[in-house]
Amino acid sequence: MAQMTETADRILTTADGTPLKQALARATRRNKIRAFILVAPLLAFVLVSFIIPIVDMLARSVDNPEVQAAIPETVALLKDWDGTGLPPEPVFAALAKELSDKSKRSEIGRMGARLNYEDSGFRSLLNKSQRRADKLTSGPYKEGMIAIDADWGKTAIWKTIQLTAPSTTFSYYLNALDRTYDENGNIVMQPEWKQIYVHLFIKTIYVSLGVTIACLILSYPIAYLLATLPASKGNLLLILVLLPFWTSLLVRTTSWIVLLQTNGVINDTLVWLGVVHTDHRIEMIYNMTGTIIAMTHILMPFMVLPLYSVMKTISPNYLRAARSLGANPMIAFVRVYMPQTVPGVGAGSILVFILAIGYYITPALVGGQDGQLISNFIAYHMQKSLNWGLAAALGAILLAGVLALYWLYDRIVGVDNMKLG
């Protein structure tokens, strides 16, 4: 008994005398460090190419430093203004002083671009005032600024500066939802001719759903054929499905322009067959029809592959068992085979929908004015109007929609898996 107690109290050690528990902890820590070093390049790539751009986009959607950086003294004095009538004389004096400061020329220019998003004449007003403000060497500055341009005598101009003065703003998000601030700081709808973004979001969702449904209808029989054919023929067909991945997206899209245009291959064939008259050719390009057709073709492989991966694992014995129990082929397929393909349908649908909702090149080339989606306007504000704040807000709303859709899909799939379990 004493010998057993002595053995139990003895500390297990390695060959060099290190306690075994300590040696195991050291080996585990070493393995974790080695694993982290191996995945560090991938983590760095994801951080630089994905995480940082998203964080920067979210920051730009609320960042509003232009007015504060250009006229800080004027902004500080405007905080005490109640918004009625015109600001007091010190505000005009501070503005005249800051506009005449040559070192702030670039900041004033950026402020003009920012305020021009709210009022299209603000940039011209600031440029004109900046050129003449250095002549105002003494007061009264209010009359002097109004003499430079009568717009400085309008209360709305000063309220716009006051509303856009904070260093952070939600005005970009309001604009992305067809809303804005009125003169009193209340949220109101944009004028009807400016209400475009909500309609574009809705149209983008509808087009993405339509493309997803079309891809599902066309891809399901192809995936079923791939899964049931003998290996030699199935592999050949799989290569044909993967072939578009080896062809440039730009080439595939421009090929549809050749096929769908009024004097294109499809219309010429229909005229030759007598289906349509040569004077009544079908308009299939530079509209929503061309966008849906081209996007469906391009995104079909993303639906076929998830369906095929699931169908390949379904044993044909299930259908044989259903047939042997008296079910006809259609009933056996619908009630036995199709429910087992739901994971593939869900994975393919969510993949195609997410890709479609952010598609840019295909709508830009074949969509024309009618076939433009929200991604095309994000690119417009990034490249042409240079309103990066609005582009970031539109992108953030699109990202939030995709994340919400993924969360909903995860919840539904999780509940279904629990039921199956």
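A short reminder: the numbers here are calculations on the coordinates, not readings from a lab. Every value quoted in this text rests on a predicted model; they were computed, and no experiment measured them. Counting neighbours? That spans all protein chains shown, and the Cβs are built from the backbone with ideal geometry, glycine included.
Annotations
- Only one residue of Ala23, Gln261, Ser385 has its Cα farthest out toward the positive end of the dipole of the chain, where Lys and Arg carry +1 and Asp and Glu -1 on Cβ, and that residue is Ala23.
- Candidate lysines - alpha carbon under 21 Å from Lys312, same-chain residues fewer than 8 apart omitted: Lys233
- Across the chain, C-alpha contacts under 8 Å between residues 6 or more apart give a mean separation that, scaled by the residue count, equals a relative contact order of 16 percent.
- Applying the Karplus relation 6.51 cos²θ - 1.76 cosθ + 1.60 with θ = phi - 60° to the stretch 266-278 yields 3J(HN,Hα) values of 5, 5, 4, 5, 5, 5, 5, 7, x, 6, 10, 7, 4 Hz, where x marks Gly and Pro.
- Peptides 250-258, 24-32, 67-75, 95-103 ordered by packing proxy, namely the average of other Cβ atoms within 10 Å per residue, highest first: 67-75, 95-103, 250-258, 24-32.
- Among residues other than Val258 with Cβ under 12 Å from its Cβ, the summed charge is 0 (Lys and Arg +1, Asp and Glu -1).
- Proximal charge balance of Met189 [Cβ under 13 Å; K/R count +1, D/E count -1]: -1
- Size descriptor for the chain, Kirkwood hydrodynamic radius: 27.9 Å (Cα pairs only, one decimal).
- The stretch 242-388 shape via C-alpha gyration tensor axes, a/c threshold 1.5: oblate
- Counting only Cβ charges, +1 for Lys and Arg and -1 for Asp and Glu, the dipole size of the chain around its Cα centre is about 1480 debye.
- Summary of packing: across the peptides 302-309, 396-403, the per-residue average of other C-beta atoms within 10 Å ranks them, highest first, as 302-309, 396-403.
- Full-extension gain in nm, Asp63 to Arg131, via 0.36 nm per residue minus C-alpha separation: 21.7 nm
- Which listed pairs, of Lys97/Lys154; Lys154/Lys384; Lys79/Lys128; Lys104/Lys154; Lys128/Lys159, have C-alpha distances above 27 Å, in listed order: Lys154/Lys384
- The stretch 362-403: C-alpha gyration tensor shape, a/c 1.5 cut-off, then a/b vs b/c: oblate
- Net charge over other residues, Cβ less than 15 angstrom from the Cβ of Ile285 (K, R count +1; D, E count -1): -1
- Spacing of the modelled spin labels on Thr84 and Leu238, each 7 Å from Cα toward Cβ, amounts to 7.8 nm.
- Chain lengthening between Leu355 and Ala35 when straightened (0.36 nm per residue, less Cα-Cα): 112.0 nm
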